[in-house]
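Enquirer: Have a look at the structure that comes next, please.
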Amino acid sequence: MLRAFVVFVLMVAASPVFAADKAPKTSPTPTATPPQPPAAYLTIKEKSSLKFIATLNGAPVEGQFKDFSTDIVFDENQLDKSHIKVEVNTASVVAANDELASNVKLPDWLSVDKFAKASFVSKKINRMPSTNSYYADGELTIRGQKKPATLNFELDYPTGGRAIATGFVTLLRKDFGVGQGQWQDEGSVKNIVRVEFRIVADKK
């Protein structure tokens, strides 16, 4: 009788139902929360500026573009998903020298009637290690000519939702056909032009 009882106990212990009852319970694996997409930023035009510096007869001359728009989506931790686009109304150029401002709109230069827009579109944004310095490789279009260009800039965050980017891009005007005819010669106007910007933008 005792032997039969022992055999019964062993059979019950080995049964699937019994084993399932004795199996340790495990907690479900938590699902990782996906990162939020990079934030879009709205440029504050009255606090932002876009200017160029050229060399005329050995002396620097400056001009500004008063009308430009931006499409900025940026997260320093998701640079692969960030992008920068700037579009400039070329006819909005102004300068302290009225003659310069008028001449740069002419067909030999920006030809604003034919090419109303200039633009930059980023393709890849990188950060210099351990700094707030970035560079955006992309395409710059002026007078319908599209060329590779690199935007160098630094970022500052004065408040939680505001970002300030200051930087520059250096270009060769003749690559874009800026300066036709007699102006192709660099005797009066140097080929190198520096474009500087300060963009103040708030997170949308």
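Bear in mind these aren't lab numbers, they're just calculated from the coordinates by the rules spelled out. Since this is a predicted model, take the numbers as computed values, not measurements. Cβ: placed from backbone, ideal geometry, glycine included. Neighbour counts: every protein chain shown.
Enquirer: In sequence order, what are the phi-derived ³J(HN,Hα) couplings for the stretch 158-175 according to the Karplus relation 6.51 cos²θ - 1.76 cosθ + 1.60 with θ = phi - 60°, rounded to whole Hz, with x for glycine and proline?
Expert: So the Karplus estimates, Gly and Pro as x, are x, 9, x, x, 10, 10, 10, 10, 10, x, 7, 9, 9, 9, 9, 4, 5, 5 Hz.
Enquirer: Using the Karplus curve 6.51 cos²θ - 1.76 cosθ + 1.60 with θ = phi - 60°, work out ³J(HN,Hα) for each residue of the stretch 124-129 in order, rounded to whole Hz, and write x for Gly and Pro.
Expert: Ordered by residue, 3J(HN,Hα) equals 7, 10, 10, 10, 6, x Hz.
Enquirer: When the chain is fully extended, how far beyond the present Cα-Cα distance does residue 85 get from residue 157, taking 0.36 nm per residue of separation?
Expert: Extra length from residue 85 to residue 157 when fully extended: 23.9 nm.
Enquirer: Lys and Arg at +1, Asp and Glu at -1: add these up for the other residues within a Cβ distance under 15 Å of residue 53 and post the number.
Expert: Around residue 53, the charge tally is +3.
Enquirer: Given the Cα atoms of the stretch 39-203, and with Rh set as the inverse mean 1/r over their pairs in the Kirkwood sense, what is Rg to Rh to two decimals?
Expert: 0.98
Enquirer: So what's the projected area for the stretch 106-188, the Cα convex hull averaged over all directions, in nm²?
Expert: Here the figure is 7.6 nm², rounded to one decimal.
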